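See below for the structure under consideration.
Bear in mind these aren't lab numbers, they're just calculated from the coordinates by the rules spelled out. In this text the structure is predicted, and so the values were computed from the model without any measurement. Neighbour counts are summed over all protein chains in view; Cβ atoms, including those assigned to glycine, are modelled from backbone coordinates with ideal geometry.
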Amino acid sequence: MATLDALVAEQVDPGAATSDAQASKLTLQTPQQLYELWERQHWLSQDIDFTQDKRDFANLTDEQKDNLIWVLSTFFIGEERVTTQFSGLVMAYEDEHEESFLTTQQVDEARHMQFFDRFYREVIGIDNPDFDARLDRVREELNEAFGKLFDEALVEAGQRLIADPSDREAKVEFITTYHMVIEGALALTGQNFVTRYMEENDIFPGFVEGFGNVARDEHRHVAYGTWWLQQNAGSDDALAERMQARLQELIPVAAGVLVPPGADPTEEWQILGYSSNEVNEFAFKSLSRRLKAIGVPLQGAPTPA
Ligand SMILES: [Fe+2]
Ligand SMILES: [Fe+2]
């Protein structure tokens, strides 16, 4: 991500701040401000140039190709899941500012899925003409934890909200699942390490450009989730308890999504050369900064100062 974009991310998402002190100084943006930011941060998935990426992919060893395809498949199918499962939250808007922001988030997720689809067709070479068939092929890469988080927990939370969009406990559970765990703890962590791997090896410039745009969108999404939870769970004990219980339930599941095939989740593992300790520490630090901004600690942790 370009330096200017990184600065913008730090200003909207406490999880992107580079220190606790900086995170605590941040004023959370309202849905109207985030909507206006969306208008200024527009980008086109069809404009990314993959010419060099095709050459770089051809030059990888078979093992490097397998590792990269595995990690990126989690993102590709993850973007498909979050696009289709977002409708319940759009129905649960409380005013026109929130309605405006939420519709931008749903179209962002579709754009992210389209970006990955282009990369898989044009660079990796999964070029079945049928979109569903391409998704089915990519799904073969995923592990059991992925299914638990994206096909069970996320889908069930969405269904509860669709059944009653005015149910605030359902909205807390949905936003905690989607914005805090899936986007905040999992996607932005994975994005950080995949981008570092590509930049350090000076490969896949098109993908790095597009993924930087995806990450900027995700910070805006997580900023909305942080704001909503602060406004609601931050001042209501029952909603705060719902949020804490959901985090306790799903953080271990999310930690399992990035464990590579064949690795023992209870042992130290590596992903694209980074250790599980490094990956988990990054995820935990950004989650704790967001929780501090919300004013609800992890269950059992002291109340944030
Ligand atoms: Fe996304
Ligand atoms: Fe998102």
Contour minus Cα-Cα distance for Asp62 and Glu144 (0.36 nm per residue)
27.1 nm
In order over the range 69-79: 3J(HN,Hα) from phi, Karplus 6.51/-1.76/1.60, θ = phi - 60°, whole Hz, x for each Gly or Pro, gives 4, 4, 5, 5, 5, 4, 6, 4, 5, x, 5
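Rounded, prolate or oblate: which fits the range 198-305 when a ≥ b ≥ c are the square roots of the eigenvalues of the alpha-carbon gyration tensor, with rounded for a/c under 1.5 and prolate only if a/b beats b/c?
Details: a/c = 2.69, a/b = 1.49, b/c = 1.81.
Oblate, since a/c reaches 1.5 and b/c is not below a/b.
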Pairwise FRET efficiency - Ser19 versus Asp127, Cβ, R0 = 30 Å, nearest 0.05:
0.10
For the range 82-172, what are the per-bin percents of Cα-Cα distances with bins 5 Å wide, up to the bin holding the maximum?
3, 12, 17, 19, 18, 13, 10, 6, 2
Bin by bin, in steps of 20 Å, what percent of the Cα pairs in the chain do you find, going until the bin that has the longest distance?
34, 60, 6
